[in-house]
1. Can you give the charge dipole size of the range 1-48 about its Cα centre, rounded to the nearest 20 debye, using +1 on the beta carbon of Lys and Arg and -1 on the beta carbon of Asp and Glu?
2. Rounded, prolate or oblate: which one fits the range 25-65, using the alpha carbon gyration tensor with axes a ≥ b ≥ c (rounded when a/c is under 1.5, else prolate when a/b beats b/c, else oblate)?
3. Grab the DSSP H runs of the chain that are 4 residues or longer, score each as -39,500 (n - 2.57), total them, divide by all residues and round the 222 nm result to the nearest 500 deg cm²/dmol.
4. Spin-label point model (7 Å from Cα, Cβ direction): what's the Glu61 to Leu20 distance in nm?
5. How about Lys94: which lysines have a C-alpha closer than 24 Å to its C-alpha, ignoring those fewer than 8 places off in the same chain?
6. Shape call for the range 15-95 from the C-alpha gyration tensor, a ≥ b ≥ c root eigenvalues: rounded (a/c under 1.5), prolate (a/b greater than b/c) or oblate?
7. How much length, in nm to one decimal, is gained on full extension between Leu12 and Ile106, taken as 0.36 nm per residue of separation minus their Cα-Cα distance?
8. Compute the long axis of helix 89-110 from its Cα atoms, compare it with the longest principal axis of the Cα atoms of the chain, and write down the angle in degrees, 0 to 90, nearest 10.
Amino acid sequence: KGRKFDLRVYMLICCTKPYLVLFNQGYCRISLQDYNLEDFNTKEGKITHMTNNSVQKKHPEYKDRKEETIIDLETLREYLLAENVIATPEEFSKAINKIKEVMRVIFLQTKDKLDRTYG
C-alpha cells in the first residue's frame, strides 16, 4: 500500500513457421520504500522509484523484507479487491486482456522482421 510497483509479463515466440506465440502473466515487483515525489532525485529515491531487484537490494531492510518485493498476479488481484481499488475480479481480467492486446499488436508490428523457420 502506497508503494510503487510494476508488472513483469512475458510473450514467448516459440515458432515462426507457423507462428506460435505464448503469454505468461509473470509477476508484480514492488518497491520497499513508500512512494513520494520529494526524493525523486536522491539516492534513496532510486529505491522508491525503481522496482528492479538490483536496486531494492540496497534498501537497509531488504534482507528481512525481500519477500515483499515480488508477488504473483493472483495475489495482486486479491489485494486490489480487498482494498477496493477494483470492484470485481473481472476488472482485473480486463486489465490483463488489455496487456495481452498490446503484446499482440507489438507482435503483429514486428513479426515481419523475424526469420521464418520451421520448428
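The values are calculated or read from the model by the stated rules, or taken from the named source; none is laboratory data. Nothing here was measured: the structure is a model prediction, and the numbers come from that model. Cβ sites come from the backbone with ideal geometry, for glycine too, and all protein chains shown count toward neighbours. Surface accessibility is based on the protein's heavy atoms, side chains included, excluding ligands, DNA and RNA. Shrake-Rupley method; radii C 1.70, N 1.55, O 1.52, S 1.80 Å.
1. 240
2. Oblate.
3. Result for the chain, helices only: -11500 deg cm²/dmol.
4. 4.6
5. Lys1, Lys4
6. Oblate is the answer for the range 15-95, as a/c is 1.5 or above yet b/c matches or exceeds a/b.
7. Taking 0.36 nm per residue and subtracting the Cα distance, the gain is 32.6 nm.
8. It is inclined by approximately 50 degrees.
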